[in-house]
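Quick notes on the structure that follows.
What follows is calculated from the coordinates using simple rules that are stated; it is not laboratory data. Remember, it's a predicted structure, so these values are computed and weren't measured experimentally. FYI the Cβ positions are ideal-geometry reconstructions off the backbone, even for glycines, and counts take in every protein chain you see.
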Amino acid sequence: MQPFTNDAGNILFLQKWLKKRDFLAYYFLWKTYRTNEFNLGEALNLLHTTFCYSKKTAANIIKRLYKLGLLQRINYMVFKCLDLDIVLQAYLRSYIKCRGKACKSKEC
């Protein structure tokens with residue numbers, strides 16, 4: 001079983017589900033922009049107006065999504081969402097891998 005990679009070649013190891021807030025923010029960004037590039041300011045404003053997050057909370061969510069590999073940085077202020085199908089396949093693969101260990105260990 002090989003890990004998934006995003007467009008930048010970063011390997012996705014998604015062992016633990018995102019928080020609901022982070023996943024819904026990622027899904028909303030993906031639904032809005034798909035795999036098109038978007039400006040950081042646009043994304044912050046979108047999360048701020050849609051979910052009533054403060055600008056700081058929205059920035060922290062975007063930073064977390066970037067560190068997890070769900071957002072790819074094109075340049076300093078421009079990002080791109082990783083395809084939702086790839087993200088869900090990575091979660092599925094890690095879940096199956098964990099269940100395949102017969103859940104005897106607490107590693108998962």
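What residues have an amide H closer than 5 Å to that of residue 74, excluding those fewer than 5 places away on the same chain, when H is modeled at 1.01 Å from N in the peptide plane?
Hits under the 5 Å cutoff: 79, 80.
Quickly work out the residue 60-to-residue 92 label distance, labels modelled 7 Å from Cα along the C-beta direction, and quote it in nm with one decimal.
3.3 nm
How high is the relative contact order of region 16-100, in percent, counting Cα pairs under 8 Å that sit 6 or more residues apart?
34 percent
Using the beta-carbon distance between residue 45 and residue 84 and R0 = 25 Å, what value does 1/(1 + (r/R0)^6) give for FRET efficiency, to the nearest 0.05?
Taking R0 as 25 Å, the efficiency between residue 45 and residue 84 is 0.70.
Test of understanding: what is the full-extension gain from residue 17 to residue 32, defined as 0.36 nm times their sequence separation minus their Cα-Cα distance?
Contour length minus the Cα-Cα distance gives 3.2 nm.
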